[in-house]
Amino acid sequence: MSSNLFESSPDDMWRAYTAGLAGRLASLQRNQFIEIARTDTGAFRSLMEFRVLGSGRVRCSIGGQAFPIADVATIRQRRETLEAMGWRYLPRKWVYVHDVGRTALADLTALVARTLREICGIAQPSQLTTHDPFLPSDEPPVDVPNDAPQRPLTAVPDPESDDQPATTEIGIVPCCADGLLDLAHTVVSTDLQRDVVVEDGLIELPHIDFAPSRILVTDESLQLVFTTTLTHRLTDPALLGRFMIEHSAAWQDISFMVDHDHVYAQRVVDCAVFNPRIVSSALADWRHFLNDTGPTMVRQLNPGPPGSHDCTQNGLPVGLQTLLEMHLAEPLTPERIVHLTSGKVHRLNEYLAAAETTAADWKDSLTVTPDDQKSEVGSEVDAENQLYDTMFRLFDDMSGLLREAIGLASRSGD
């Protein structure tokens, strides 16, 4: 029995936590976010994120890091449970969402607390931390302080000790390609500490490495294939032979594929029996390859002036794709764009034409929602519209930067 007669019960702590969270969400604005994570496991593991939709409703999203790795049957049962609780699954984003108006924030935070306790295994709010970068200075933080004494490190047995029995690792046999994709997505999200997007059956790795890359699943043999594009247009086939002689011996786990003048680097991982540790190790090795040797390989396979290796089968120039990826990682300025393109006005005009056309296409894809359907913001149409609006704004912003860059380059060339 606790010596503190006034010690709060878990239910009291959760009530206080949900009340504080609801109060904070009431002042959350567009383009702001609040993230709930757990750190009691020794690492930052994102569980939920809150944002404000264009309609003003508040959306809570549950990402892949919120759940422990499990077999396919458990994953399916978990999804049924979450949907019964009121969460909605977005297949294209691989997240669960729940949207409410400002008057129903108490209901949202009650659902959040129930989910954290029953699904995520959070016993009390003190196990959580809140990442709230937009918290006003006059508002208290949501976090509940953890006053429990820390356990001594010596209380944790050393797994390598001779006194401990050997640990036998048990793998999971995926039922199908989709089941393997789900398992791999959970591991990658947990390792990268980010919400990783799955698009058209591919795991799109975040742009945190030298080159963008993705993971696909083969249907027949249940393999994960890490892949990145080294060049979109191979102009010298003899160069590829010299390239493979130089790099194949050093990177024996990496294969190089050629398809329609594209050159790809790939790493294949056999997952007929899925083991999270093996996938984590392969991901670490792949990222080391991208950042250690990727820059040299890209330079070797892409000689010549900017634009000489633009994809012949893609209407979006590779140079513009690169500018967009850099802009997403860290906002570009017109001066930086002029420097990156060597001030070539004709090239900038080409990029501007492609960006304006693409922005118009994304804008035309937006679906106008009638006034009598405004309340159903959580529909699939709303999720699609958010994607289209985001892409439109990205290309529209880039168009503005390119116009300014063209003006700077034109004046400097006079």
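Being within 30 Å of Ile203 (Cβ to Cβ), at pLDDT below 50 and of a type outside the set (Lys, Arg) holds for only one residue in Pro145, Pro159, Pro152, and it is Pro159. For the stretch 393-414, a residue qualifies if it is farther than 23 Å from Lys363 by Cα and either assigned to a helix (DSSP H, G or I) or β-branched (Val, Ile, Thr) (or both), and the qualifying residues are Ala405, Ile406, Gly407, Leu408, Ala409, Ser410, Arg411, Ser412, Gly413. Go through the residues of the stretch 283-297 one by one and say whether even a single one is among the β-branched types (Val, Ile, Thr), surrounded by fewer than 17 Cβ atoms within 10 Å (Cβ to Cβ) and within 26 Å of Ile172 (Cα to Cα). No.
The strands (runs of 3 or more DSSP E) found entirely in the stretch 200-276 that carry 3 or more residues being over 16 Å from Asp178 (Cα atoms) and open to solvent by less than 80 Å² (accessible area, probe 1.4 Å) are 223-231, 254-259, 262-270.
This table checks each residue for (1) assigned to a helix (DSSP H, G or I); (2) open to solvent by less than 60 Å² (accessible area, probe 1.4 Å); (3) at pLDDT below 85.
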{"site": "Leu328", "(1), (2), (3)": "yes, no, yes"}
{"site": "Leu332", "(1), (2), (3)": "no, yes, no"}
{"site": "Ile337", "(1), (2), (3)": "yes, yes, no"}
{"site": "Asn349", "(1), (2), (3)": "yes, no, no"}
{"site": "Ala353", "(1), (2), (3)": "yes, yes, no"}
{"site": "Ala360", "(1), (2), (3)": "yes, yes, yes"}
{"site": "Thr369", "(1), (2), (3)": "no, yes, yes"}
{"site": "Asp372", "(1), (2), (3)": "yes, no, yes"}
{"site": "Gly378", "(1), (2), (3)": "no, yes, yes"}
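The values are calculated or read from the model by the stated rules, or taken from the named source; none is laboratory data. From a predicted model like this one, the values you see are computed outputs, not experimental measurements. Reconstructed Cβ throughout: ideal geometry from the backbone, glycine too, with neighbour counts over all protein chains shown. Please note that ligands, DNA and RNA were not included when accessible areas were found on the heavy atoms of the full protein model with its side chains. Shrake-Rupley method; radii C 1.70, N 1.55, O 1.52, S 1.80 Å.
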